[in-house]
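The values are calculated or read from the model by the stated rules, or taken from the named source; none is laboratory data. Everything numeric in this text was worked out from a predicted model, so none of it was measured. Cβ coordinates were reconstructed from backbone atoms using ideal geometry, including for glycine residues, and neighbour counts include every protein chain displayed.
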Amino acid sequence: MNEHNRPHTSTEGTSMKTREASGPSKMTARSLWENLKDQSASELIIENLIRLSGISVIVVVTLIFFFLLREGSAAFLDIPLRQLFGSRWYPIEGLFGLWPLMVGSFWVTIGAVVIAVPLGLTTAIYLGEIAPLWQREILKPFIEVLAGIPSIVLGFLGWVALAPIIQNLGAPSGLTAFTGSFILAYMSLPTIISITEDALYAVPKEYRDGSLALGATQWQTIWRVVLPAARSGIVMAIMLGIGRAIGETMAVMLVTGNAANIPEFGFGALFQPIRTMTATIAAEMGEVAQGSLHYNVLFGIGIVLFVVTSGINLLATRLVGGRGKRRPGGRL
Amino acid sequence: MNKIEVRNFSFFYGDFQALSGLNLPIRKNQITALIGPSGCGKSTFLRCLNRMNDTIDGTRAEGEILLDEQDVYAPDVDVVDLRHRVGMVFQRPNPFPQSIYNNVAFGPRILGTTSSGEDLDEIVKESLKSAALWNEVKHRLQEPALALNPGQQQRLCIARTIAVKPEVILMDEPCSALDPVATLRVEELMRQLAEAYTIVIVTHNMQQAARASDWTGFFWLGKLVEFNKTGDLFTYPKEDLTESYITGRQG
């Protein structure tokens, strides 16, 4: 870098001007010294910029948290807890029972996990361990495309294509928890597949060779050596998949029927209309008066969601960090 | 008596011919060492003996490798069964990231040879004893295998191989990642194991071949230049190429 086309950050504005006016200066001992000083100054600036952007993330997260608390805490303070976690959500009558919404989110998420985890893991194992190269090259772009489909488009597909099928199967309505689960499963599949595949890829080839050389079949090698070695990465994949499912709003709002009632417990619950926490916030936020109790409760739901997803993340780091310490492979 | 008989064997990675026209006997309960410079095909040949090269795409074999008179590359051979009979110890110790016990028990478990836990305990104990590792690990069988030092890890891999009771043990530069003390222990171990097993070892280290083997084969550019009793090959090499390699003038 030449001395004349670089701003001199360490010198004051006035001397900078004179310097630039004088054009390329001679390389005197003095300018060389200044050059060095400039270099350490630019180091300092870059370092601080990086630090600033790092800190800003933390600050923003804290601000979000406090904002949530400020707007939502009234819900927990003004409404008796018994009623807040009660079973009736009728905002017009002043009944704010969150329980039906929590149960709704729970069922949709569980359904999505039950569908997505086996499908995702087997797909990743097929891609990473079994499929020949040419098949992998065809399949991987498809999975990336799946990841890129906007959630509202998937929700629309669920509404138009999946809901009629489910209604024909005998459900009271096509818009059920299961419809939401199915759509969510396909939304979290790309996450689960790609992270699991990375975890499998990180398992050293030596482990596979060692197992095969002992006379293990390919399946025995995958099941007894590769998957255990990739365990922590796979747990991470599942947790991130669940996180994706819980937080999703638009698709589930379209296809789950939006009925804030508690479904009967058991398998039948999946085939009844429900309403999730996220969908409730999205649907009602536009209609409430700012500062009203209803408004506060919607933020209260936000706090509950925040706590649940943080809990899942914490659990994931616990599971991943715990026993995998000595493992060279399989971790992310 | 020959455990393995190699007849006019060639091997290809795609268009590249890695081995050409090999003929050699591997004698039962003896240690056969394969020496030669890097890339001469000695490891490739070793991995042909239990068909580990099958895991690489686009490879092809010609000729015969007869294990007890039966060609290992014959179409009706079950590769899984072949690898039970011909075990392998790798260059870098590769214990599974599991407990010491589970590493040794891995083979018997997948074979389904044992029904009771006591039998399995006994096999693990015997295998670790045969690999001269029992005394060092008997009180910590449930600890992770990766907590052992490299020399112990390599002996664990040997124990793991012994546990499936193979007939032949292939060793691919088993000491190249070990320090001299650990190397010596593995060499002593090979001596003891040769009483029960047929051993083929690939090594870069000519002193090791001279010390530890009964027969030596010298590979050069995918061909077997010379094969003889270890003492004879090192003291009276018949080929000029062998002589210049073992004296360090070539390779």
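Would you check if there is a residue in the range B:45-58 being over 27 Å from B:Gln154 (Cβ atoms) and without any contact (Cβ under 8 Å) to a residue 60 or more places away in the chain?
Restricting attention to the range B:45-58, the residues satisfying the condition of being over 27 Å from B:Gln154 (Cβ atoms) are B:57-58.
Still in the list and also without any contact (Cβ under 8 Å) to a residue 60 or more places away in the chain: B:57-58.
For the range B:45-58, residues over 27 Å from B:Gln154 (Cβ atoms) and without any contact (Cβ under 8 Å) to a residue 60 or more places away in the chain: present.
Only one residue in B:Ala132, B:Ala105 is closer than 28 Å to B:Leu178 by Cβ, within 12 Å of chain A (Cβ to nearest Cβ) and among the small types (Gly, Ala, Ser). Which one?
Numbers: B:Ala132 fails: within 12 Å of chain A (Cβ to nearest Cβ).
Only one candidate passes the filter, namely B:Ala105.
Conditions (1) within 26 Å of A:Gly120 (Cβ to Cβ); (2) away from chain B (no Cβ under 14 Å); (3) at pLDDT below 75, marked per residue:
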position	(1), (2), (3)
A:Thr249	yes, yes, no
A:Asn258	no, yes, no
A:Thr280	no, yes, no
A:Glu287	no, yes, no
A:Ala316	yes, yes, no
A:Arg323	yes, no, yes
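Could you go through the range A:201-209 and let me know if any residue there is surrounded by fewer than 21 Cβ atoms within 10 Å (Cβ to Cβ), within 14 Å of chain B (Cβ to nearest Cβ) and touching a Leu at 6+ places or on another chain (Cβ under 9 Å).
The answer is yes; a qualifying residue exists.
When the residues of the range A:88-143 are filtered to those that are more than 30 Å from A:Ala260 (Cα to Cα) and acidic (Asp, Glu), which remaining residue is surrounded by the most Cβ atoms within 10 Å (Cβ to Cβ)?
A:Glu129
Which of the numbered conditions does B:Asp57 fail, given that it passes all the others? Conditions: (1) away from chain A (no Cβ under 14 Å); (2) part of a loop (DSSP other than H, G, I, E, B); (3) among the charged types (D, E, K, R).
(1)
Among the helices (runs of 4 or more DSSP H) confined wholly to the range A:188-307, which include 3 or more residues that are of a type in the set (A, V, I, L, M)? Quick ask: steps written out before the conclusion?
On the way: elements: A:205-213, A:218-221, A:231-247, A:250-255, A:277-284.
Passing ranges, in order: A:231-247, A:250-255, A:277-284.
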